[in-house]
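The values are calculated or read from the model by the stated rules, or taken from the named source; none is laboratory data. This one's a predicted model, so the numbers in the text were calculated from it and none came from an experiment. Quick reminder, even Gly has a Cβ in these numbers, built from the backbone with ideal geometry, and neighbours come from all protein chains shown.
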Amino acid sequence: MSSPSVSFVQIRFDDIHFFENCGGGSFGSVYRAKWVSRDKEVAVKKLLKIENEAEILSVLSHRNIIQFYGAIVEAPNYGIVTEYASGGSLYDYLSSEESEEMDIGQIMTWAAEIARGMHYLHSEAPVKVIHRDLKSRNVVLTADKILKICDFGASKFLTHTTHMSLVGTFPWMAPEVIQSLPVSETCDTFSYGVVLWEMLTREIPFHGLEGLQVAWLVVERTVAGL
């Protein structure tokens, strides 16, 4: 089964007024901006070209998935336009003093919100999607503290277990991805577990180690546990 034939709103580059850079996503920088004709605050990820991300986002609709508005397709000004989450990333929140007041109830609520978003991608979306880069930097907070999964630059439609190129971020990357083995939605499940670790400890596993050191430890500990 192939990916669905989809279309999305094409937004003019001159209809976007850019403000400050608010972070980096897969393959591009993210800016807070205003969609002038709609008088709407948005986030825009500037890209070198439009690939799968717009196609994937265009078929997704869920409370815990970032809302997609359209794409800028005027060369060389390519971009993905989504809702703006003013609370910043979960990573930034967990690094802040405010997170010291986070109790187990808040952790459970947020864990459930991320899980609902991932369940939608894997089981309820029109076509199954593997995110492939789930991490606290790719989960954002709305003004009312609702969590939303964002940045689908590394994501793929998936209708069967398959080999995929090495993509993701250490230490959120699953061992089967590191080893270039066939992968399924379980690679996102591994990444979700790391995000839970972050929320519970307010730390990142393997802190201070380089990427390849982390990769070796993840694979070795997985094999040792079999």
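Which residues, counting only those in the range 37-56, are surrounded by fewer than 16 Cβ atoms within 10 Å (Cβ to Cβ) and in a loop (DSSP other than H, G, I, E, B)?
Step one: of the range 37-56, the residues surrounded by fewer than 16 Cβ atoms within 10 Å (Cβ to Cβ) are 37-41, 48-49, 51-52.
Matches in the range 37-56: Asp39, Leu48, Lys49, Glu51.
For the list (1) assigned to a loop (DSSP other than H, G, I, E, B); (2) more than 20 Å from Cys187 (Cα to Cα), I need the number of the one condition that Tyr69 fails.
Going through (1) assigned to a loop (DSSP other than H, G, I, E, B); (2) more than 20 Å from Cys187 (Cα to Cα) one by one, Tyr69 breaks only (1).
Do we find a residue being part of a strand (DSSP E or B) and without any contact (Cβ under 8 Å) to a residue 60 or more places away in the chain anywhere in the range 125-132?
Yes, the conditions are met somewhere in the range 125-132.
Only one residue in Tyr91, Tyr78 is of a type in the set (Ser, Thr, Tyr), surrounded by 17 or more Cβ atoms within 10 Å (Cβ to Cβ) and under 14 Å from the mean Cα position of the chain (by Cα), so which one is that?
Tyr91
Residue under question is Val59, and the condition is that it be closer than 25 Å to Ser191 by Cβ and assigned to a strand (DSSP E or B); does it hold?
no
Output the residues belonging to the range 76-124 that are assigned to a helix (DSSP H, G or I), without any contact (Cβ under 8 Å) to a residue 60 or more places away in the chain and either of a type in the set (Lys, Arg) or touching a helix residue (DSSP H, G or I) at 6+ places or on another chain (Cβ under 9 Å) (or both).
Asp92, Tyr93, Ile104, Gln106, Arg116
Filter the range 16-36 for residues that are over 15 Å from the mean Cα position of the chain (by Cα) and surrounded by fewer than 15 Cβ atoms within 10 Å (Cβ to Cβ) and give the result.
His17, Phe18, Phe19, Glu20, Asn21, Val36
Could you please let me know if Thr189 is more than 15 Å from the chain's Cα centre (by Cα) and at pLDDT 80 or above?
no
In the range 159-185, what residues are surrounded by fewer than 20 Cβ atoms within 10 Å (Cβ to Cβ) and either touching a His at 6+ places or on another chain (Cβ under 9 Å) or at pLDDT 90 or above (or both)?
Those that are surrounded by fewer than 20 Cβ atoms within 10 Å (Cβ to Cβ) and either touching a His at 6+ places or on another chain (Cβ under 9 Å) or at pLDDT 90 or above (or both): Ser180, Leu181, Pro182, Ser184, Glu185.
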